[in-house]
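Below is one structure, written out as structure tokens, with a few remarks after it.
Every read-out reported here was derived from the displayed coordinates using simple, explicitly stated rules and does not represent laboratory data. Quick caveat, the model's predicted, so the values are computed rather than measured. Cβ: placed from backbone, ideal geometry, glycine included. Neighbour counts: every protein chain shown.
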Amino acid sequence: MVRLILAGLAVLVLAVAGFVGYRTISFTAPPPAAEAAIPDTSDYAIDANAAAARLGEAIRFRTVSLVAPSDDRAPFTQFHAWLQQTYPAFHAAARREIVGELSLLYTWAGSDPAQPPIVLLAHQDVVPVAAETREAWRLDPFGGDVQDGAVWGRGAIDDKGSLVALLEAAEFLAAQGRQPVRTIIFAFGHDEEIGGEDGAAQMARVLAQRGVRAWFVLDEGMAALDDHPLTGGPAAMIGVSERGFATMRVHAAGQPGHSSMPHRETAVSAVAEAVDRIHAMPIEQRLEGGPALGMMRALAPQLDFTTRMAVANEWLFGPLLRARMADNPPARALLGTTIAPTMINGGVRANVLPAEATAMINFRIHPRDTPDALLAQARARVADLEGVTVEWEGPARAATEMSSTTSSSYALIASLSHQLLPDAPVAPALVLAGTDSRHYDGVAQDVYRYQPLLFTAADLELAHGNNEHISVENFDRMIRFYIGLMQAGAMQ
Ligand SMILES: [Zn+2]
């Protein structure tokens, strides 16, 4: 009998091992959507150094996001005039509109109005350089110097590099008399760094009112990494969704009085308990239901065998996988919503019972979760805490729609990236920060965030950081990418 059980167990183990092995081996990238027909981008006769010098000029306009009505608009209007002067062929070919006071909306009309347009985004504004960080800059943050093979200054990466590269590409084509068949729309917001409400949101509304339903929208947001944490090698990550953002306000009302004879709970202890419970509330952490599984599949050939076995068999190794990723913040963010208590406030004196206490908890919302469900879950967790209420502070923003990884537009972006960065497999990714493109869900089915910039882990600190700079090599690649995109996507 014992032998029979052992034999049965052995068969079971073999069956599981076989199944795990089969799934591991068959876990590969899905066949790519038909490779897009793209031109050879190395053929373009671009003067990268001259283009880099022009990016330097663009950086000298101090287009820091405007926060007060009295903030100086002149850097923006001067930047607009400079764009008109610097890119004359494009400006002659395209229609320019000013939207929301300072945003630029260009329409380069195609000869075939039946083809849905391409919408290309970038933003004009930059974050300020804090006075206390000025010392840490090697060069003038608004000097736009070209040195050591790079263009230096605020906005070099985020996001004047992209804006200028788009216009370099458009000018390159327009100057040769090339005309699009499919309309190309350029939307350059002026307030991306402070939410995009006056710029991107308004331009998206204008486009929606005109009935524009684009083939796809492309914005900044993701790039290629030279050492992807999963594979240790390069990977080009195309953002297919952007996390949502919401802040939860937890309020506790208490009995005011002297602390010598306290009630069992004070407003402070109640708010602390509520924050603790909400922080610890169970959040689904899975590969499926977001871009994570698609990313793993696309990178499968580069994954080491054990990682591949684990991700191919989440049914078995899910807990192990989650435990491994739990200590890695970017990996955790990929698998599920993250919860970060950020502020707590209450009481005025050490010996006085406060009448109220409040706390703020910041949520970054994964595509599988909704703000409503998260709020309901938080409320249920604290339902028995007397005097505690939980609300979203301001609007709660869900994650954006997930864009397709099998569309013809994804194939176009992926093919161009692959030609320009042949060592970097292309994978879908979740954008962890915020971009203007989240306002464009109503304008196109597919919204992508990608630039073919090859970054090291250290480079990721540059956007908004000290010594922001872009290598001329990266900048040149970006221009070629955009020319190829316009040519293959809109001119044939
Ligand atoms: Zn940006």
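Scaling against 2.2 N^0.38 Å puts the C-alpha radius of gyration of the range 316-362 at 1.89. The Rg/Rh ratio of the range 79-153, with both radii computed over alpha carbons and Rh defined as the Kirkwood radius, is 1.10. Projected onto its three principal axes, the C-alpha set of the range 361-410 covers 55, 19, 13 Å, listed from the longest axis down.
How large is the dipole of the chain about the Cα centre if only Lys and Arg carry +1 and Asp and Glu carry -1, each at its Cβ, rounded to the nearest 20 debye?
1220 debye
Exposure proxy shown here: for His439, His91, His469, the number of other Cβ atoms within 10 Å sets the order, fewest to most, as His91, His469, His439. Distance between the C-alpha centres of the range 316-366 and the range 59-82: 37 Å, rounded to the whole angstrom. Taking 13 Å as the cut-off, the amide N atoms of the range 297-341 that come nearer than this to a point 7 Å along the Cα-to-beta-carbon line of Ala373 belong to 336-337. On a per residue basis, the convex hull of the C-alpha atoms belonging to the range 189-242 measures out at 104 Å³.
Once fully extended, how much extra length lies between Leu460 and Arg178, figured as 0.36 nm per residue of separation less the alpha-carbon to alpha-carbon distance?
Difference between extended and current length: 97.9 nm.
If a/c stays under 1.5 just call it rounded; otherwise compare a/b with b/c (prolate if a/b is bigger, oblate if not). Do that for the range 118-160, with a ≥ b ≥ c from the square roots of the Cα gyration tensor eigenvalues. Because a/c hits 1.5 or more and a/b fails to exceed b/c, the range 118-160 counts as oblate.
With R₀ set to 22 Å, the beta-carbon distance separating Glu386 from Ala350 gives a calculated FRET efficiency near 0.40. Put simply, the convex hull of the Cα atoms in the chain casts, on average, a shadow of 30.3 nm². Taking every alpha-carbon pair under 8 Å whose residues sit at least 6 apart, the range 352-481 reaches a relative contact order of 20 percent. In whole angstrom, the range 370-492 maps to an equivalent ellipsoid with semi-axes of 38, 20, 12, each derived as √(5λ) from the alpha carbon gyration tensor and ordered largest first.
Over all directions, how big on average is the projection of the convex hull of the alpha-carbon atoms in the range 383-451, in square nanometres?
That works out to 7.6 nm².
Relative to the Cα centre, the charge distribution of the range 1-132, modelled as +1 at Lys and Arg Cβ and -1 at Asp and Glu Cβ, gives a dipole magnitude of about 560 debye. Overall shape of the range 79-237 was characterised from the C-alpha gyration tensor. The equivalent ellipsoid obtained from it has semi-axes of 29, 20, 18 Å, in decreasing order. For the range 1-125, averaging the sequence separation of C-alpha pairs within contact (under 8 Å, six or more residues apart) and dividing by the residue count gives a relative contact order of 15 percent.
Once C-alpha pairs closer than 8 Å and six or more residues apart are averaged by separation and normalised to the residue number of the range 240-386, the relative contact order reads 43 percent. When shorter helices are ignored and each DSSP H run of at least 4 residues is given -39500 (n - 2.57), the per-residue value for the chain at 222 nm works out to -11000 deg cm²/dmol. Remark: spin-label model distance Ala17-Ala326 equals 2.9 nm, labels positioned 7 Å along the Cα→Cβ axis. Computed from the C-beta positions of Thr406 and Arg286 and an R0 of 25 Å, the FRET efficiency is 0.75 to the nearest 0.05.
Just in the range 183-278: which trypsin sites (Lys or Arg not before Pro) are loop by DSSP and have at most 11 other Cβ atoms within 10 Å?
Of the trypsin sites (Lys or Arg not before Pro), the ones in loops of the range 183-278 whose Cβ has at most 11 other Cβ atoms within 10 Å are Arg210, Arg264.
Kindly state, to the nearest 0.05, the FRET efficiency for Ala45 paired with Glu101, given R0 = 45 Å and r defined as their beta-carbon distance.
Working: r = 38 Å, r/R0 = 0.84.
Efficiency computed from Cβ-Cβ geometry: 0.75.
Beta bridges from DSSP with both residues in the chain: antiparallel share about 65 percent, rounded to the nearest 5. Per-residue extension of 0.36 nm, minus the Cα-Cα distance of Ala10 and Asp304, leaves a gain of 103.1 nm for this segment.
Taking the empirical scaling 2.2 N^0.38 Å for compact globular proteins as reference, the range 268-395 has a Cα radius of gyration ratio of 1.34. Across the range 222-338 the C-alpha pair distances fall into 10 Å bins from zero in the proportions 11, 33, 23, 14, 11, 7, 1 percent. The peptide list 406-413, 56-63, put in order of mean Cβ contacts within 10 Å with the highest first, becomes 56-63, 406-413.
Between Gln85 and Asp276, the simple label model (points 7 Å from Cα in the Cβ direction) yields a spacing of 6.4 nm.
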